[in-house]
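Computed from the coordinates by the stated procedures, all read-outs in this text should not be read as laboratory data. Here the structure is a predicted model, which means the values were calculated and not measured. Here the Cβ is made from the backbone with ideal geometry for all residues, glycine too, and neighbour counts use every protein chain on show.
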Amino acid sequence: NAGVTQTPKFQVLKTGQSMTLQCAQDMNHEYMSWYRQDPGMGLRLIHYSVGAGITDQGEVPNGYNVSRSTTEDFPLRLLSAAPSQTSVYFCASPAVTLSNQPQHFGDGTRLSIL
Amino acid sequence: DQQVKQNSPSLSVQEGRISILNCDYTNSMFDYFLWYKKYPAEGPTFLISISSIKDKNEDGRFTVFLNKSAKHLSLHIVPSQPGDSAVYFCAARMNSGGYQKVTFGTGTKLQVIP
């Protein structure tokens with residue numbers, strides 16, 4: 001998916017470990033967001049950002065931290081991974097559909113917590 | 001509280017026939033609806049959308065119908081092609097707490113049989 005790059009594509013962690021999922025966009029969008037996709041649950045919003053230095057919580061923010069120091073990057077941090085955080089994570093930009101703009105999604109990070 | 005529901009987890013259709021994917025919503029504050037298509041190991045990609053002030057939007061083989069009184073929308077694909085085999089997510093947008101929130105359905109896996 002052009003414009004939104006996520007790394008890594010796959011990751012296995014042990015319970016209690018920390019890691020950062022990276023997301024970068026080159027579309028100069030102010031808005032970025034993180035979703036998780038779980039079987040039977042659709043895509044659920046974790047955190048979003050409306051610009052550099054501004055972030056807010058979505059539906060399922062617990063266990064995750066975010067920061068937005070630049071327009072391009074929006075990393076998602078798991079401080080102490082739990083098995084319940086096993087999921088596929090998608091970064092999207094823009095976070096909101098202003099002017100009826102659709103969201104562009106990255107290809108996802110598949111995360112397994114053992 | 002699933003505000004956007006896709007009650008059919010899967011659908012199989014013969015190549016050349018019509019595929020109809022359904023979506024129901026409960027919140028009358030939604031003002032814009034979108035369909036996304038997702039292939040395995042990729043992020044969702046925008047397919048087609050419709051404003052709540054319209055009842056139909058067409059783009060090539062894809063048509064979305066909106067029935068506001070029934071809080072129901074559907075995606076028609078005619079004719080269906082094997083490349084259309086994917087998971088389709090319905091999404092609905094509304095203003096919430098100063099930002100536009102997008103809520104996704106759980107997805108319908110479409111298989112087009114050659």
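I'd like the full set of residues that are closer than 16 Å to B:Pro40 by Cα and either surrounded by fewer than 16 Cβ atoms within 10 Å (Cβ to Cβ) or within 8 Å of another protein chain (Cβ to nearest Cβ) (or both), limited to the stretch A:27-47.
Passing the criteria: A:Asp38, A:Pro39, A:Gly40, A:Gly42, A:Leu43.
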Screening A:Ala52, A:Ala24 for residues that are of a type outside the set (S, T, N, Q), farther than 28 Å from B:Cys90 by Cα, more than 11 Å from chain B (Cβ to nearest Cβ) and in contact with a Ser or Thr (Cβ under 8 Å, 6 or more places away or on another chain) leaves only A:Ala52
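Results for (1) free of Cβ contacts under 8 Å to residues at least 40 places away in the same chain; (2) within 19 Å of A:Gly3 (Cβ to Cβ), shown as yes or no for each residue.
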site	(1), (2)
A:Arg36	no, no
A:Leu43	no, yes
A:His47	yes, no
A:Ile54	yes, no
A:Gly63	yes, no
A:Leu76	no, yes
TODO: Inspect the stretch B:39-48 for any residue being more than 9 Å from chain A (Cβ to nearest Cβ) and touching a residue at least 40 places away in the same chain (Cβ under 8 Å) and give the result as yes or no.
DONE: yes
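Condition check ((1) on the phi < 0 side of the Ramachandran plot; (2) among the aliphatic types (A, V, I, L, M); (3) assigned to a strand (DSSP E or B)) across all residues:
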residue: B:Asn22; (1), (2), (3): yes, no, yes
residue: B:Phe30; (1), (2), (3): yes, no, no
residue: B:Gly43; (1), (2), (3): yes, no, no
residue: B:Ser49; (1), (2), (3): yes, no, yes
residue: B:Lys54; (1), (2), (3): yes, no, no
residue: B:Ala70; (1), (2), (3): yes, yes, no
residue: B:Ser80; (1), (2), (3): yes, no, no
residue: B:Ala91; (1), (2), (3): yes, yes, yes
When the stretch B:27-38 is checked residue by residue, the ones that are surrounded by fewer than 17 Cβ atoms within 10 Å (Cβ to Cβ) and either touching a Pro at 6+ places or on another chain (Cβ under 8 Å) or away from chain A (no Cβ under 12 Å) (or both) are B:Asn27, B:Ser28, B:Met29
Residue set B:Asp24, B:Asp84, B:Asp59, B:Asp55; condition touching a strand residue (DSSP E or B) at 6+ places or on another chain (Cβ under 6 Å), within 29 Å of A:Ser93 (Cβ to Cβ), among the acidic types (Asp, Glu) and surrounded by fewer than 17 Cβ atoms within 10 Å (Cβ to Cβ); output residue B:Asp59
